[in-house]
1. Report yes if Tyr379 is buried (at least 21 other Cβ atoms within 10 Å of the Cβ) and hydroxyl-bearing (Ser, Thr, Tyr), otherwise no.
2. Within the range 207-228, identify whether any single residue is out of contact with any strand residue (DSSP E or B) (no Cβ under 8 Å at 6 or more places or on another chain), outside any helix (DSSP H, G or I) and closer than 27 Å to Asn141 by Cα, and answer yes or no.
3. Within the range 119-127, is even one residue over 18 Å from the mean Cα position of the chain (by Cα), surrounded by 15 or more Cβ atoms within 10 Å (Cβ to Cβ) and at pLDDT 95 or above?
4. Output the residues belonging to the range 271-311 that are without any contact (Cβ under 8 Å) to a residue 12 or more places away in the chain and either out of contact with any Ser or Thr (no Cβ under 9 Å at 6 or more places or on another chain) or surrounded by 19 or more Cβ atoms within 10 Å (Cβ to Cβ) (or both).
5. Which one of Phe78, Phe135, Phe130 is touching a residue at least 24 places away in the same chain (Cβ under 8 Å), in the same structural domain as Lys366 (by TED's automatic domain parsing), under 15 Å from the mean Cα position of the chain (by Cα) and in a helix (DSSP H, G or I)?
Amino acid sequence: MRGANSIKDQSLTKKLLPCTLHILLLIPLLPIVLLSFYFYSLSLAPSPPTKLSPSAVHSCFCNIADKDYVSDTPCDYFNGRWVRDKRGPLYNGTSCSTIKESQNCIINGRHDTSYLYWRWKPSQCHLLRFDPNTFLQLITNKHVAFIGDSLARNQIESLLCLLATASALKRVHHKGSRRWHFAAHNASLSLYWSPFLVQGVQRSSTGPLHNILHLDRVNEKWARDVDQMDLIVLSVGNWFLVPSVYYEGGKVLGCLNCDGLEYTDIGFYGPLRKALRTTLNSIIEKKVGKGNGIGVIVRTFSPSHFEGDWDKEGTCSKSRPYRKGEMKLGEVDEEMRRIEMEEVEKAKAKAKQLGGFSLEALDVTKLSWLRPDGHPGAYMNHFPFANGISKRVQNDCVHWCLPGPIDSWNEILVEMMKPRVKNPTF
């Protein structure tokens, strides 16, 4: 038996000896191999962002008849889900001075900060983190105007905070709008308050008890400056839910919730459609009709998340996003979004033969619906529970905390503005 084992040992030795010699020969080369892997990995690191030359900086806002696209498969940024992001926002309530006090949730005492650590992730493509330098290069020598309601203000304040992380801005005087200028890029952002887009008078405690809207007359407050605008972002919807009287051709067309008035209640879907159509037609006529190109974005309806009636102690107490499919979008929200999307397509068809006009929808309705945790709620007020829980605390479940989910609207906005086609108009 020992003889047999000895023969086996010799055979095993003969098999292992060559392998052992190869390993011993490789040991002196090990440092060289490791250094090679190290420098190879460095070569794989992402390169810093390439600075866009002025000639290369243009957006997807173009002649919609031009089919010479850079990419044939544009990203659907609006279909996706919210995912956790440990990095958090680019700014905070103390580093940005342009946040409206009622949306500065952390400064107002909100302790739960988990809502800050979510990012929107499209299902079939990648949404880049907001790069302020890229946005500023895209708007160099341009004027971007936000026109609409308080959600337009909410969005532009988010954008100003994001841009202020890279460039100084200055508030400048302008009759008819709030305006900011980035001198280093000769770029301007402005906000025109026009909650109906068309001509109208808001109801108030000292004025009319109902909104008064002229659905066929554009609001000259912003329309007179259209020739100075390169990109327009429209925001409309919430004010159409308020009791109103509608006029067309100088005559009463109907009303909404107009108790005590002898008018026909026609709801608000039709008036919303007419107001948006009047607005888009006016821009086409005023700008494109003169041979000047312009880009227009319609930001779709932003849903609220009141648990109960907004004027009867309704709250929004959720602490995390909805999962996709967890909660169905409301019928009113869905219909308002559908109207806005349809009017975008109709305006595209009308302007197609004119050229120099592009129109896109910033379709935030569904992605915003998934964020019931991102509103100021009771923290629209400064430390609302400092003296204990009172019987009634006003909540804001319409607007968005800054920083917050609305920052993702601007991440998508900059992607929509990046170069996509040749012969841009914006």
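1. yes
2. yes
3. The answer is no, given that none of the residues of the range 119-127 is over 18 Å from the mean Cα position of the chain (by Cα), surrounded by 15 or more Cβ atoms within 10 Å (Cβ to Cβ) and at pLDDT 95 or above.
4. Once the filter is applied, which keeps residues that are without any contact (Cβ under 8 Å) to a residue 12 or more places away in the chain and either out of contact with any Ser or Thr (no Cβ under 9 Å at 6 or more places or on another chain) or surrounded by 19 or more Cβ atoms within 10 Å (Cβ to Cβ) (or both), the range 271-311 yields Glu285, Asp309, Asp311.
5. Phe135
Every residue, every condition in (1) over 21 Å from the mean Cα position of the chain (by Cα); (2) not in a loop (DSSP other than H, G, I, E, B), yes or no:
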{"residue": "Ser304", "(1), (2)": "no, no"}
{"residue": "Ser317", "(1), (2)": "yes, no"}
{"residue": "Lys324", "(1), (2)": "no, no"}
{"residue": "Glu340", "(1), (2)": "no, yes"}
{"residue": "Ala347", "(1), (2)": "yes, yes"}
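The values are calculated or read from the model by the stated rules, or taken from the named source; none is laboratory data. What you are looking at is a predicted structure, and each value in this text was computed from that prediction instead of being measured. Ideal geometry is used to build each Cβ from the backbone, glycine not excepted, and the neighbour counts take in all protein chains shown.
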